[in-house]
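Below is one structure, written out as structure tokens; comments come after it.
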Amino acid sequence: QPVLAFSGNLEYRPNRDAVRCFARRIWPRLRERWPELTWRLIGKNPEAVRRYVRGDARIEVTGPVEDAVRLLASARVVVAPLRAAAGTRLKILEAWAARRAVVSTSLGAEGLAAVDGEHLLIAETPEAFVASISRLLEGAELRARLGRAGRKLLEERYTWEKAWPALEAAGL
């Protein structure tokens, strides 16, 4: 589907900031360039971001869902435009589980063994986000390659089966 997706607890301050910034500085440019495109916000506490996206019929706010990975798999591109963050980057891991291409800030992908252009695309400015997302919307082959590479990295490093021995070795 011609859908961008963003997932996470929408009440979490970095996620609220990401939605607000994307809605103001990136989405209007994408909306103009891609008239069929929808932006889907997936996650609990949707009331925390409704004021940023109110009045735009091309923005869907789903609220919590039973299977986020399934819903992410129906999107063409997943975005992680985080400008502040802490903790595990589950939104990117979920996107990779769904074999979706991701556009993220470097902060949004921090701590993951991801390589720009190999596992995802890194964009730091609104202009770079628009360009990277457009590149993925235009390029099914690039989308598929990044989705496969992200899924492979997830399977090699971030499943419980792979991560547990490293956690035990670190004494965690």
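The values are calculated or read from the model by the stated rules, or taken from the named source; none is laboratory data. Just so you know, these numbers come straight off a predicted model, no measurement behind them. Glycine gets a Cβ as well: all are built from the backbone with ideal geometry, and neighbour counts include every protein chain shown. The accessibility values were calculated without ligands, DNA or RNA, using every heavy atom of the protein model including side chains. Shrake-Rupley method; radii C 1.70, N 1.55, O 1.52, S 1.80 Å.
Can you give the alpha-carbon Rg of the chain over 2.2 N^0.38 Å, where N counts its residues?
The value comes to 0.99.
Expressed as a whole number of Å, what is the distance separating the alpha-carbon centroids of segment 102-136 and segment 40-81?
Between the Cα centres of segment 40-81 and segment 102-136 lies a distance of 19 Å.
Taking the chain as a Gaussian network, Cα atoms linked when under 10 Å apart, which of Pro126, Pro35, Pro14 shows the biggest mean-square fluctuation?
Ranking Pro126, Pro35, Pro14 by mean-square fluctuation puts Pro35 first.
Only bridges whose two residues both fall in the chain count here: according to DSSP, what percent of them are antiparallel, nearest 5?
Here the antiparallel bridges make up roughly 0 percent for the chain.
Roughly how many percent of the accessible protein surface of segment 1-159 is carbon and sulfur, given a 1.4 Å probe and a whole-percent answer?
47
Out of residues 5 or more away from Ala101 or on other chains, whose amide H comes under 5 Å of its own, with H placed 1.01 Å from N in the peptide plane?
So Ala101 has HN proximity to Val78, Gly147.
Which distance in nm do the two modelled labels at Arg25 and Glu161 give, with both placed 7 Å along the Cα-to-Cβ direction?
Each label point is offset 7 Å from its Cα along the Cβ direction, giving 4.1 nm.
Only loop residues by DSSP count here, and only those with at most 16 other Cβ atoms within 10 Å; note down the trypsin sites (Lys or Arg not before Pro) in segment 1-55 that meet that.
Here the sparse-neighbourhood loop sites are Lys44, Arg54.
List the GluC sites (Glu not before Pro) within segment 28-107 that fall in a DSSP loop (any state other than H, G, I, E or B) and whose Cβ has at most 15 other Cβ atoms within 10 Å.
Glu36, Glu66
Identify all lysines with a Cα-Cα distance to Lys44 below 22 Å; exclude those on the same chain that are fewer than 8 residues away in sequence.
Correct list for Lys44: Lys91.
Once you sort the root eigenvalues of the Cα gyration tensor of segment 99-161 as a ≥ b ≥ c, which label holds: rounded (a/c under 1.5), prolate (a/b larger than b/c) or oblate (the other case)?
Taking the square roots of the gyration eigenvalues as a ≥ b ≥ c, segment 99-161 is oblate.
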